[in-house]
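Q: One structure is given below, represented as structure tokens, and several questions about it will come after.
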Amino acid sequence: MENQQRKWLYLTILAFVWGSSFILMKKALIGLSPVQVGALRMLIAGSFLLLIGFKSLKEIQKKHWKHIVTTALLGTFFPVFLFAHAVHGIDSSIVSILNSLTPFNTLIFGFLVFGFTFKKKQLLGIFIGLIGTTILILKGAHLNPHQNYWYSLLIIVASVGYAFNVNIVKKYLNDISALSIVTGNFLLLMIPAFIVLVSTDFFSTYELTDSNLTSLGYITILAIVGTCWAKVLYNKMVHLATPVFASSVTYLIPIIAVMWGVFDGERLHLIQILAGIIVLLGVYLVNKTK
């Protein structure tokens with residue numbers, strides 16, 4: 001399969017996997033706190049990755065480690081907790097749409113910090129996307145007064161972390177395999193994740209009821225499929241494509257996530273749907289090179 005076909009295949013698979021991750025987080029939060037969801041997600045993912053990818057660590061040279069540390073923190077550690085708290089506070093479908101800000105930040109920080117090219121016409125896409133985001137947040141806060149839409153800011157911060165992550169992988173880690181990058185990330189994160197989990201008194205207070213075991217099942221699926229496997233696939237796509245193309249997986253993620261959310265009883269107003277379309281239109285314009 002040619003690289004052009006392969007990158008589109010990766011994009012489609014990742015859209016379905018990550019589009020389903022929001023509902024998995026929501027279900028896991030029934031029996032776990034947001035902090036426990038984040039910590040367990042990293043511990044389970046790290047354990048799995050060390051089993052399948054330990055040998056790949058030899059690819060990582062001394063010059064790579066500082067970038068491995070940075071991508072681990074900005075691309076995984078902080079976003080995992082931010083997303084868990086956000087899904088705990090507002091509808092998972094809204095969180096998925098807000099995640100579409102990632103390509104905007106990838107473009108902006110790629111230009112400002114990493115020296116990647118920037119098309120002036122893409123500014124229009126950024127402004128359109130921000131308008132859609134503003135409408136989405138304000139209308140959501142009005143329609144759901146019982147939900148705290150300040151949690152939306154957590155997704156914006158997480159999208160900045162993802163933007164730095166993809167640009168760093170493209171510029172500084174393009175000469176090592178995707179598996180070695182992700183395995184190196186989680187090797188570094190397992191100890192802090194364990195410390196965080198212990199601080200929640202998880203091992204002393206958690207009861208193995210049916211609902212809690214179900215929550216553990218959801219977080220296990222999310223960790224192995226939505227974190228381990230998907231991150232390896234994502235880094236492979238970054239190696240094949242531009243950073244902005246790779247981050248454009250957020251085109252399709254909201255479609256899958258909204259379908260899951262509606263199926264689970266979440267309600268979306270027509271204005272929110274239109275705002276989501278505006279956001280995706282902005283993402284399209286940001287990615288349009290001609």
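The values are calculated or read from the model by the stated rules, or taken from the named source; none is laboratory data. Keep in mind the model is a prediction, meaning the values are calculated, not measured. As a convention, Cβ positions derive from the backbone with ideal geometry for all residues, glycine included, and neighbour counts pool all protein chains shown.
Q: For the structure I just gave you, tell me whether Ser20 is surrounded by 14 or more Cβ atoms within 10 Å (Cβ to Cβ) and more than 14 Å from the chain's Cα centre (by Cα).
A: No, not satisfied.
Q: Here's another thing I want to ask about it. For the range 28-42, give me each residue that is over 17 Å from the mean Cα position of the chain (by Cα) and assigned to a helix (DSSP H, G or I).
A: Gln36
Q: Just to be sure I understand, how many residues within the range 147-167 are surrounded by fewer than 21 Cβ atoms within 10 Å (Cβ to Cβ) and either touching a Cys at 6+ places or on another chain (Cβ under 8 Å) or among the β-branched types (Val, Ile, Thr) (or both)?
A: 3
Q: How many of the residues making up the range 134-187 are among the aliphatic types (A, V, I, L, M), free of Cβ contacts under 8 Å to residues at least 24 places away in the same chain and within 30 Å of Trp229 (Cβ to Cβ)? Can you show your working first?
A: Let us first name the residues in the range 134-187 that are among the aliphatic types (A, V, I, L, M), namely 135-138, 141, 143, 153-158, 160, 163, 166, 168-169, 173, 176, 178-179, 181-182, 187.
Checking which are free of Cβ contacts under 8 Å to residues at least 24 places away in the same chain leaves us with 138, 141, 153.
Right, trim to within 30 Å of Trp229 (Cβ to Cβ) and you get 153.
Matching residues across the range 134-187 total 1.
Q: Looking at Ala86, Ala45, Ala39 in this structure, which one is more than 21 Å from Ile156 (Cα to Cα), hydrophobic (A, V, I, L, M, F, W, C) and crowded, with 24+ Cβ neighbours inside 10 Å? Spell out how you get there, then give the answer.
A: Numbers: Ala86 fails: more than 21 Å from Ile156 (Cα to Cα); Ala39 fails: more than 21 Å from Ile156 (Cα to Cα).
Of Ala86, Ala45, Ala39, the one residue that is more than 21 Å from Ile156 (Cα to Cα), hydrophobic (A, V, I, L, M, F, W, C) and crowded, with 24+ Cβ neighbours inside 10 Å is Ala45.
Q: Looking at the range 62-73, I want the residues that are in contact (Cβ under 8 Å) with a residue 40 or more places away in the chain and more than 11 Å from Gly161 (Cβ to Cβ) and have a partner that is in a helix (DSSP H, G or I) and among the polar types (S, T, N, Q) with Cβ atoms under 7 Å, at least 6 apart or on another chain. Which pairs are those?
A: Here the result reads Ile68/Asn185, each pair linking the range 62-73 to a residue that is in a helix (DSSP H, G or I) and among the polar types (S, T, N, Q).
Q: Still on this model: Show the residue pairs that are 6+ apart or on different chains and have beta-carbon atoms under 9 Å apart, the first residue being within the range 232-257 and within 19 Å of His67 (Cβ to Cβ) and at pLDDT 80 or above, the second being of a type in the set (S, T, N, Q) and not in a helix (DSSP H, G or I).
A: Partner pairs satisfying both residue conditions: Val232/Ser177; Lys236/Ser177.
Q: Quick check on the range 20-27. Is at least one of its residues touching a residue at least 40 places away in the same chain (Cβ under 8 Å) and polar (S, T, N, Q)?
A: Looking through the range 20-27, at least one residue is touching a residue at least 40 places away in the same chain (Cβ under 8 Å) and polar (S, T, N, Q).
Q: Give the residues of the range 48-82 that are over 30 Å from Thr200 (Cα atoms) and either assigned to a helix (DSSP H, G or I) or of a type in the set (D, E, K, R) (or both), sorted by residue number.
A: Result: Lys55, Ser56, Leu57, Lys58, Glu59, Lys62, Lys63, His64.
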